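J.: Quick one: this structure, given as structure tokens, is what I'll be asking you about.
The values are calculated or read from the model by the stated rules, or taken from the named source; none is laboratory data. From a predicted model like this one, the values you see are computed outputs, not experimental measurements. Cβ placement follows ideal geometry from the backbone for every residue including glycine, while neighbour counts extend to all protein chains displayed.
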Amino acid sequence: MTPNKILVANIGSTSFKFRLIEMPSERVLAKGGVERIGSAASPWKAQIGSEPEQSGTTALPDHGAAIALVEKLLGGFGELAAVGFKPVMARGISGTQVLAEPVLRAMEEINTLLPAHNPPYVAAVRSFHKSHPKLPCIGTFETAFYDDVPAENVRYPVPREWETKYGIRRYGFHGASHRFVSQRCAELRGTDKLRIISCHLGGSSSIAAVRDGKAIDSSWGMTPQSGLPQNNRVGDFDCFALIYLARDLGLGIDAVEKALTLQSGLKGLSGLATGDVRDLLDAAAKGNADAQTALDVFVAAIRKYIGQFLVEMNGADVLIFTAGIAENNPILREKICANLDFCGLELDREANGRVRAEEAVISTPRSKIEVRVIPTNEEIIIARNAWAKLSTAN
């Protein structure tokens, strides 16, 4: 029997989440994950078919050990057609690619731009190569959804050779998520001739402008450190402030990098131990002024991009909320949609208040801009693209 299963692997610096998907039926056969890789007591959980969820802890020194555990939980990798990945970015490479050594080296060339993303992905793929050399590893880069964004929304006003020689330009991330929800919205509406503003708000957040199924702009800059304030990453930030901190004030580039990637964003604004929006909402409700300010900054940044994209697309047909924060937080959704009646958006407060992590329309019937909650499914995009890549290769 020809292998017909794709193992979708979502890799973090100390985590490995997986979903086993049968193709082309797209049936989910198993899912689970491992946390705290590198620990003597790494927690794991897995649900195989209709069986009760399993969980436990074990010593997992590296991603290779995590892969071995997942293989054991799944009863082997013999029926896998490929492993699908969601890598972020590689120098000069986008789209869906077989993750061979030249591609991995192109990812390593820009480790400085993606210190939390590329190194663990490369390590995990090489672990698969070592333990299962004949098993294809196929990645759909997060940048792929933005490959056709027009030049005016890509280029920075810097010397031309910076782009042509060094690749200094805007890219875009969360591509699988924005692609899935925009495609799903088109299915629900019965047409892809839509102007969509897609809000992916989670541990990291972004907004994309999608017209007729294609991304035309996003909140991202060159790296995942740009755009909206993230949980602990800075988001948009004046580059000369960095120079001032590192050179004139003597903080040094390494200390500034650490602060901007680990101690900034909503965490830095609030002063809390984390930048999790749920923690901010709890703290703000108890009178924490800094937590409230962090929420206000976050909402204001989101609304600025919504306004920008309304102008770019001469309006919008649908505003989508997706990912963990947006799917589950009616309070935040209401704050984002406040006072948008000038452009015809009217939120149904009752519908919004009851919706959690389910497909739903949360605008009123008379709203000129439909507001939807659509739970994201990045894994199915990765599986579809990996399956298509295999079909093309064969």
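J.: Could you say which residue among ARG91, ARG155, ARG105 is over 24 Å from GLY33 (Cβ atoms) and either within 19 Å of the chain's Cα centre (by Cα) or touching a residue at least 40 places away in the same chain (Cβ under 8 Å) (or both)? Talk me through it step by step, then tell me what you get.
T.: On the way: ARG155 fails: either within 19 Å of the chain's Cα centre (by Cα) or touching a residue at least 40 places away in the same chain (Cβ under 8 Å) (or both); ARG105 fails: either within 19 Å of the chain's Cα centre (by Cα) or touching a residue at least 40 places away in the same chain (Cβ under 8 Å) (or both).
None of the others qualify; the one that does is ARG91.
J.: Any chance the stretch 50-66 includes a residue that's closer than 18 Å to HIS117 by Cα, touching a Leu at 6+ places or on another chain (Cβ under 7 Å) and in contact (Cβ under 8 Å) with a residue 12 or more places away in the chain?
T.: Pass one, the stretch 50-66, residues closer than 18 Å to HIS117 by Cα: 62-64, 66.
Checking the rest, the ones that are also touching a Leu at 6+ places or on another chain (Cβ under 7 Å) come to 66.
Okay, now just the ones that are also in contact (Cβ under 8 Å) with a residue 12 or more places away in the chain, so 66.
Within the stretch 50-66, one or more residues are closer than 18 Å to HIS117 by Cα, touching a Leu at 6+ places or on another chain (Cβ under 7 Å) and in contact (Cβ under 8 Å) with a residue 12 or more places away in the chain.
J.: Return a yes/no flag: does the stretch 136-153 have any residue that is touching a Pro at 6+ places or on another chain (Cβ under 8 Å) and part of a loop (DSSP other than H, G, I, E, B).
T.: Yes, there is a match, as at least one residue in the stretch 136-153 is touching a Pro at 6+ places or on another chain (Cβ under 8 Å) and part of a loop (DSSP other than H, G, I, E, B).
J.: For the stretch 365-394: of the residues being outside the structural domain of ILE336 (by TED's automatic domain parsing) and among the small types (Gly, Ala, Ser), which is nearest to the chain's Cα centre (by Cα)?
T.: Filtering first and then ranking leaves ALA383.
J.: Answer yes or no: is there a residue in the stretch 73-83 that is within 14 Å of ILE6 (Cα to Cα), touching a Leu at 6+ places or on another chain (Cβ under 8 Å), without any contact (Cβ under 8 Å) to a residue 60 or more places away in the chain and not aromatic (Phe, Trp, Tyr). Talk me through it step by step, then tell me what you get.
T.: Step one: list which residues in the stretch 73-83 are within 14 Å of ILE6 (Cα to Cα), which gives 74, 76-83.
With touching a Leu at 6+ places or on another chain (Cβ under 8 Å) added as a condition, the list becomes 74, 77, 80-83.
This time we only want the ones that are without any contact (Cβ under 8 Å) to a residue 60 or more places away in the chain, so: none.
Scanning the stretch 73-83, I find no residue that is within 14 Å of ILE6 (Cα to Cα), touching a Leu at 6+ places or on another chain (Cβ under 8 Å), without any contact (Cβ under 8 Å) to a residue 60 or more places away in the chain and not aromatic (Phe, Trp, Tyr), so the answer is no.
J.: Among the numbered conditions (1) in a helix (DSSP H, G or I); (2) surrounded by 11 or more Cβ atoms within 10 Å (Cβ to Cβ), tell me where LYS165 comes up short.
T.: Of (1) in a helix (DSSP H, G or I); (2) surrounded by 11 or more Cβ atoms within 10 Å (Cβ to Cβ), only one is false for LYS165: (2).
J.: Right, here's the next one. Could you say which residue among ALA241, ALA208, ALA215, ALA176 is in contact with a helix residue (DSSP H, G or I) (Cβ under 8 Å, 6 or more places away or on another chain), at pLDDT 95 or above and within 23 Å of VAL297 (Cβ to Cβ)? Walk me through it before giving the result.
T.: Values: ALA241 fails: in contact with a helix residue (DSSP H, G or I) (Cβ under 8 Å, 6 or more places away or on another chain); ALA215 fails: within 23 Å of VAL297 (Cβ to Cβ); ALA176 fails: within 23 Å of VAL297 (Cβ to Cβ).
ALA208 is the lone residue from the list that is in contact with a helix residue (DSSP H, G or I) (Cβ under 8 Å, 6 or more places away or on another chain), at pLDDT 95 or above and within 23 Å of VAL297 (Cβ to Cβ).
J.: State which residue pairs qualify: first residue within 16 Å of VAL234 (Cα to Cα) and inside the stretch 269-293, second residue among the acidic types (Asp, Glu) in any location, beta carbons under 7 Å apart, and separation of 6 or more residues or different chains.
T.: LEU269/ASP290; SER270/ASP290; GLY271/ASP290; LEU272/ASP279
J.: Within the stretch 269-291, which residues are small (Gly, Ala, Ser) and either surrounded by 12 or more Cβ atoms within 10 Å (Cβ to Cβ) or not assigned by TED's automatic domain parsing to the domain that holds GLU334 (or both)?
T.: At the first step, the residues of the stretch 269-291 found to be small (Gly, Ala, Ser) are 270-271, 273, 275, 283-285, 287, 289, 291.
Of everything in the stretch 269-291, those that are small (Gly, Ala, Ser) and either surrounded by 12 or more Cβ atoms within 10 Å (Cβ to Cβ) or not assigned by TED's automatic domain parsing to the domain that holds GLU334 (or both) turn out to be SER270, GLY271, GLY275, ALA283, ALA284, ALA291.
J.: Okay, next question. For the stretch 86-116, which residues satisfy the criterion of being in contact with a Pro (Cβ under 7 Å, 6 or more places away or on another chain) and either in a helix (DSSP H, G or I) or buried (at least 19 other Cβ atoms within 10 Å of the Cβ) (or both)? Talk me through it step by step, then tell me what you get.
T.: Initial filter on the stretch 86-116 (in contact with a Pro (Cβ under 7 Å, 6 or more places away or on another chain)): 88, 98, 107, 111, 114.
Across the stretch 86-116, the qualifying residues are VAL88, MET107, LEU114.
J.: A further question follows. Return the pairs, sorted by first residue and then second, in which the second residue is of a type in the set (Asp, Glu) and assigned to a helix (DSSP H, G or I), the first residue lies in the stretch 374-394 and is at pLDDT 95 or above, the beta carbons are less than 6 Å apart, and the residues are 6+ apart or on different chains.
T.: Listed by first residue and then by second, the contacts come to PRO375/GLU327.
J.: Of SER39, SER15, SER25, which residue is polar (S, T, N, Q), without any contact (Cβ under 8 Å) to a residue 60 or more places away in the chain, surrounded by fewer than 21 Cβ atoms within 10 Å (Cβ to Cβ) and more than 30 Å from THR261 (Cβ to Cβ)? Walk me through how you get there before you give the answer.
T.: Details: SER39 fails: more than 30 Å from THR261 (Cβ to Cβ); SER15 fails: more than 30 Å from THR261 (Cβ to Cβ).
When all the criteria are applied, what remains is SER25.
J.: If you take the residues in the stretch 65-76 that are in contact with a Ser or Thr (Cβ under 9 Å, 6 or more places away or on another chain) and of a type outside the set (Gly, Ala, Ser), which one is surrounded by the fewest Cβ atoms within 10 Å (Cβ to Cβ)? Walk me through how you get there before you give the answer.
T.: Filtering the stretch 65-76 for residues in contact with a Ser or Thr (Cβ under 9 Å, 6 or more places away or on another chain) gives 65-69, 71.
The next check asks that each one be of a type outside the set (Gly, Ala, Ser); those that pass are 67, 69, 71.
Details: ILE67: 24, LEU69: 20, GLU71: 16.
That would be GLU71.
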